[in-house]
Amino acid sequence: MSYVDNVYENVVSYYPDQKEYHQAVKEFLESVRTVVENDEEKYQQEAMLERMVVPDREHSFRVTWTDDHGEVQVNHGYRIQVNNALGPYKGGLRFHPTVTQGMIKFLGFEMVYKNALTGLPIGGAKGGADFDPKGKSDREIMRFCQAYVGELFKYTGPNMDVPAGDIGVGGREIGYLFGMYKKLTDQFDGTLTGKGLTFGGSLVRTEATGYGLMYFVDELLKDHGQDIKGKTVTVSGAGNVAIFAIEKAQQMGAKVVTCSDSNGWVYDPDGIDLDLLKEVKLEKRARLTEYAAKRPNAEYHEGHEGLWAVKTDIALPCATQNDITLEDAKALVANGTYAVCEGANMPTTLEATDYLQKNGVILCPSKACNAGGVSVSELEMAQDSEHLYWSFEEVDSRLSDIMRNIYHIIADAAKENDLGENYVAGANIAAFNRVAEAMAAQGVY
Ligand code: NDP
């Protein structure tokens, strides 16, 4: 059995239930297979792949908190620090009932290589808990965050590990986490990013992932002699990434016709009304049925089926993992979709990835497309350590430069390795080279 296959088999047998982790590792290893096999002895001698697929450490802990009825509740919390070859561990926290150790591990693994593509000095980690923020009062959210950070603070620090938000963890939660972190450590530092603007946060952080995705898409289209203006765009999700991707796409002159939440999706042929969407999802934290009710031509569909069958030029999955299945990929191909650019983490199944690539749809992977969030998080770390704030224009222009540069890094890596427009492989190879070089230079430990 080859070195690459052997490493993958060991991952499956050591973590048998962590299917999403298998999927992330498989995609990565398949992409870097040729690079590794060209220099197999060197990588094998240093156990490079084994050291990449086994996280530096996995913290798994109990989170005990009291609800509004005085009942004691117990959740499972995690922080998985995967690799810090390039800089302090960096990656978000996810609060969602589906969270498992395997999910956090796949997300942490992805962070290592996403962060490498940004060219910024950050390693990769991820954390979270199987806590469902839906239907909880503000005070319950606060008590949960305080209990969670009561354990998390032991493993974090501005030069050690810097968490941020993810699904279910927005500005409100980061505020509560930071408050308790500060009380426990007496340190007002840049340990958490995504903070409020009055206490060390950065302008553009809220918009960063969605805006960054569109800067990437714009560069991709320009490089292919096309213009985003006038293009039809379909989006899944109606959270932080989706909303700001829609905002930037509309500013760039594209027409966005769909969005979704965990209950269903909306097709709005007149183009999504962004003010209404923000009111429903960001202010009222309500369902998309409320959006559809106020738009005469909009259709609401319960569930998730059918969104990717809407005719589009550019598809932007911005909700969650494994959102685009093989069936969806077939519909996207049948409709002549030009590109799928992943706003969410790993939203395309391996079968769908394969089908899209074999049928001429350009697929740009999340570790490249959604790196805008972590990039501005790193710019927040830089501002915190300088004790200064930068203007919106300055952060936004750095974000745009970083995202456009990422496009060229992955496109060049694909070209140099004779992979045509296989940007999934291009991203993995470029990121692998950077991390492997730093690991090799730092010795075996
Ligand atoms: P949010 O929690 O703000 O929004 C997530 C959206 O997806 C919501 O509309 C939610 O619906 C929907 N959703 C959640 N779970 C499911 C599901 N199982 N099926 C269908 N829809 C679902 O998260 P973000 O926008 O921050 O994150 C979206 C994705 O982007 C995630 O994969 C995240 O890891 C990734 N990402 C986020 C970054 C960021 O800066 N925020 C950075 C990089 C990646 P509902 O409204 O009903 O909850």
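In segment 367-384, of all residues being surrounded by 24 or more Cβ atoms within 10 Å (Cβ to Cβ) and of a type in the set (Gly, Ala, Ser), the one that is nearest to the ligand (Cβ to nearest atom) corresponds to 373. Looking only at segment 3-18, residues that are surrounded by fewer than 17 Cβ atoms within 10 Å (Cβ to Cβ) and touching a helix residue (DSSP H, G or I) at 6+ places or on another chain (Cβ under 7 Å) come to 2 in all. Of the residues making up segment 193-246, those that are over 23 Å from residue 394 (Cα atoms) and of a type in the set (Val, Ile, Thr) are 228, 232, 233, 234, 235. Of 41, 9, 58, 50, all but one fail to be out of contact with any Gly (no Cβ under 7 Å at 6 or more places or on another chain), under 23 Å from residue 128 (Cα atoms) and not in a loop (DSSP other than H, G, I, E, B); the exception is 58. If you go through segment 337-356 and keep only what is within 23 Å of residue 112 (Cβ to Cβ) and more than 15 Å from the ligand (Cβ to nearest atom), you end up with 350, 353.
If the condition is being within 16 Å of the ligand (Cβ to nearest atom) and touching an Asp or Glu at 6+ places or on another chain (Cβ under 9 Å), then segment 209-232 contributes 210, 211, 213, 214, 215. Of all the numbered requirements in (1) away from the ligand (no atom under 14 Å from the Cβ); (2) not in a helix (DSSP H, G or I); (3) not hydroxyl-bearing (Ser, Thr, Tyr), residue 329 misses one, and that requirement is (2). As a summary of the residue check, residue 87 satisfies the conditions (1) surrounded by fewer than 23 Cβ atoms within 10 Å (Cβ to Cβ); (2) touching a residue at least 24 places away in the same chain (Cβ under 8 Å); (3) part of a helix (DSSP H, G or I) except for the one numbered (3).
Of the residues making up segment 249-292, those that are in a helix (DSSP H, G or I), away from the ligand (no atom under 16 Å from the Cβ) and not polar (S, T, N, Q) number 1.
Coordinate-derived values only; no laboratory data. Computed from a predicted model, the values in this text were never measured in an experiment. Every residue, glycine among them, receives a Cβ derived from its backbone with ideal geometry; neighbour counts consider all protein chains shown.
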